[in-house]
Amino acid sequence: MALLLCTGVFAKPLDKTLELKKDEIYGGELQLGKFKKPVFFRWTLYKDQGLVVHLNLNHFPYQFILYPDFQRDSFRVAVFKEKGGASSSEVEGDHTPPFLMLSFKKFDTQAGVATLRLRASNQFKWVEQP
């Protein structure tokens with residue numbers, strides 16, 4: 001019981017702005033009811049204003065390039081696309097599947113730091129990895 005309470009204390013909606021250096025890993029766990037999906041990501045290369053990002057969601061790897069312009073600055077993935085992945089009461093009233101989105105904001109070339117925004121649907125709770 002104490003473990004459940006401890007997890008609940010640190011669980012919160014996900015909307016974070018992060019500053020990460022090359023190969024610095026950021027991660028946590030998305031929770032929707034009793035379902036949990038691990039998430040972690042890092043960036044590995046900044047070239048020609050493009051940021052190469054490696055994202056792992058529920059043990060499935062994604063690799064993509066984000067650019068600072070409006071059309072190509074974000075990567076969005078539906079987390080529970082499958083029917084029955086979560087009960088209708090957990091996502092009540094919302095017909096779009098819950099999502100995770102990573103957006104590229106800016107890159108500081110002198111410091112070698114990328115600023116990213118990580119967001120998820122409000123249905124999720126986020127548990128950050130220590």
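In table form, for the structure just shown:
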read-out	value
Length released on extending from His59 to Leu18, taking residue separation times 0.36 nm less the Cα-Cα span	12.6 nm
Rounded percent of accessible protein surface that carbon and sulfur make up, the range 13-68, 1.4 Å probe	50 percent
Of Lys37/Lys106; Lys22/Lys125; Lys105/Lys125; Lys36/Lys81; Lys16/Lys105; Lys36/Lys105, pairs whose Cα-Cα distance is over 18 Å	Lys37/Lys106; Lys22/Lys125; Lys105/Lys125; Lys36/Lys105
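The values are calculated or read from the model by the stated rules, or taken from the named source; none is laboratory data. Predicted, not measured: the structure shown is a model, and the values here were computed from it. Side chains included, ligands, DNA and RNA excluded: accessible areas come from the protein's heavy atoms. Shrake-Rupley method; radii C 1.70, N 1.55, O 1.52, S 1.80 Å.
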